[in-house]
1. With labels modelled as points extended 7 Å from the Cα through the Cβ direction, what inter-label distance (nm, one decimal) is found for Arg278 paired with Asn313?
2. What's the extension gain from Glu27 to Ser221 if we count 0.36 nm per residue and subtract their Cα-Cα distance?
3. How big is the charge dipole of the chain about its Cα centre, in debye rounded to the nearest 20, if each Lys and Arg gets +1 on its Cβ and each Asp and Glu gets -1 on its Cβ?
4. Any chance you could run the full-extension gain for Arg232 through Glu7? It's 0.36 nm times the residue separation minus the Cα-Cα distance, nm to one decimal.
5. Could you report the accessible area of Thr113 in Å², rounded to 10, computed with a 1.4 Å probe on the protein chains as they sit in the structure?
6. Shape of the stretch 1-78 from its Cα gyration tensor (a ≥ b ≥ c, root eigenvalues): rounded if a/c is under 1.5, otherwise prolate when a/b > b/c, or oblate?
7. Report the full-extension gain for the segment Ser166 to Ile258: residue separation times 0.36 nm, less the Cα-Cα distance, to one decimal in nm.
8. Taking 41 Å as R0, compute the FRET efficiency from the Cβ-Cβ separation of Thr266 and Phe178 and round it to 0.05.
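The values are calculated or read from the model by the stated rules, or taken from the named source; none is laboratory data. Everything quoted here is computed from the prediction, not taken from an experiment. Every residue, glycine as well, gets a Cβ built from its backbone with ideal geometry; the counts of neighbours run over all protein chains shown. Ligands, DNA and RNA are excluded from the accessible area calculation, which covers all protein heavy atoms including side chains. Shrake-Rupley method; radii C 1.70, N 1.55, O 1.52, S 1.80 Å.
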Amino acid sequence: MARLSVEDLVVAYGSVKAVRNISFTVEDGEFVSLLGPSGCGKTTTLRCIAGLEGSTAGTIRIGDEVVAADGREVPPEKRGINMVFQSYAVWPHMTVFENVAYGLRTRREPAATVEAKVREALRIVGLEGYAARYGTELSGGQQQRVALARAIITSPRLLLFDEPLSNLDAGLRDRMRFELVELQRRLGQTSLYVTHDQSEAMLMSDRIILMKDGEMIQSGSPRDLYDRPATRFAAEFIGNANILNGMIARSEGQGGAIVALAGGVTIEGRFSWTEQERVSGPVLVCIRAESIQRVADGESGANCFDAEVTSTNFLGAIVTSAIRIGDVGLRAEFAARRPPSVGETIRVRIEPDAVILITEH
Ligand SMILES: Nc1ncnc2c1ncn2[C@@H]1O[C@H](COP(=O)(O)OP(=O)(O)OP(=O)(O)O)[C@@H](O)[C@H]1O
Ligand SMILES: [Mg+2]
C-alpha cells in the first residue's frame, strides 16, 4: 500500500487542455473519489496515474517513488497499480479461476501459491464455488466481482476504479457499492475511484475531489461538500439545492449575515467559508430542499415564514413541494405522512446554519 500524490498535473491534447493543474493526495488506505460531469477530465487523470496516458506537465508519486515527471514515465506494469474499468474485461473463454490467476501466473508464482491466493481472493469477493465457471456463465455483478478479485490479488500499492458499477442495474449497483466499500475498508487498500454519480461518491468516499472542465473545484469529506459548498457548481452538483440571488443587508458577525431576497423577504444565513465573508454586495443563497422544516402555525424566531404550497409530488417516504415565501419560490421536502395540500398556507422554518451563503469571485 502507498500514498498517492499528484502535483500540478496538466494533460493537453493539442490545444485542448483536458486536465489543468490538478493537485491532490490520497493517503495510505484512504478511499477518494474524483467526481464531476462528463468530460471534466476524470478518466484522463486516472489514466495518467496508471501510466496509460502521458502527462504534459506535473509530478505523480506513489509512495516515495516518482512515477511521472516532465516526460519521464515509469511504465504501467512497473507502477504497482491495478485498475477496474466500467467494462468488466473478464475473459469469456477462461474460467473464473484462470481469470483471477492471470496476474500471478505472469509473475511466475508457484502453482500452490496461485491456488491459495485465488481461493482467498474469490472468498473475499464472495465467489467461492464459482472457480470453474466460464466468463460467459456469469451475471454482470459476478463478472465485476471477478474483475475486482483480479485487481486485488496482486496486492497493488494502489487501486484505481473508473465507473466500475455503471453498467449494473440499479439494485445490484446499490449492493455492490456497499460491498466494494466494505471490501476496501477490510483490505485497507489505497483507492482512487472515478464517478459522475454524486450519491455514489457520497456513500463510498472518505474524501471527494470535485472536478469541472479539467479543474479541481473543491475537495473535502462528503459532509464538507454537502454542508459547505464553495461555489454554485458545487452546491448544484451535490444534493438538491435551491439557489437564490440575494444582497447582503448586514453582517451578523461569526460568519453570519442577513440577506435581502426578492420582494422584500429577508433571511439569516452563514457564509460557506470564512474567506467568503462580506459585509455588503451580492451573494448566492443555497437552501437544501430538506432544510425547510414545517413548524406550528404562529411559530416565530429567526427564519420563520408563511409559505404557500403551489404543488406537491408524492415520492414514497417524502413529498416534494413547490412553495412560495412572498415572491421567493423554493422546492421543499416534507414527510409523506402528513403532506401539505396545494393552496394551503403552512408555517416553515429554515435554520440559519442551513442557509449557506456563497460569494463567487
Ligand atoms: N485522446 C484524446 N484526444 C483528444 N481529446 C481527448 C482525448 N481523450 C479525452 N479527450 C478530451 O478530454 C476531456 C476529458 O475527457 P475524460 O475522458 O477525462 O472525461 P471524463 O471526466 O472521464 O468523462 P466521462 O464521465 O464522460 O467518462 C474531454 O473533453 C475529452 O473529449
Ligand atoms: Mg470517464
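1. Reported label-point gap for Arg278 and Asn313 is 3.2 nm.
2. Working: separation 194, 0.36 × 194 = 69.84 nm, distance 1.34 nm.
My answer for the length gained is 68.5 nm.
3. Values: 40 positive and 46 negative charges, 166 e Å.
For this selection, approximately 800 debye.
4. On the way: separation 225, 0.36 × 225 = 81.00 nm, distance 2.58 nm.
Difference between extended and current length: 78.4 nm.
5. Ignoring ligands and nucleic acids, Thr113 comes out at about 50 Å².
6. Judged from the Cα gyration tensor, the stretch 1-78 comes out oblate (a/c at least 1.5, b/c at or above a/b).
7. On the way: separation 92, 0.36 × 92 = 33.12 nm, distance 4.31 nm.
Net length gain for the segment: 28.8 nm.
8. On the way: r = 44 Å, r/R0 = 1.06.
After rounding to 0.05, the efficiency reads 0.40.
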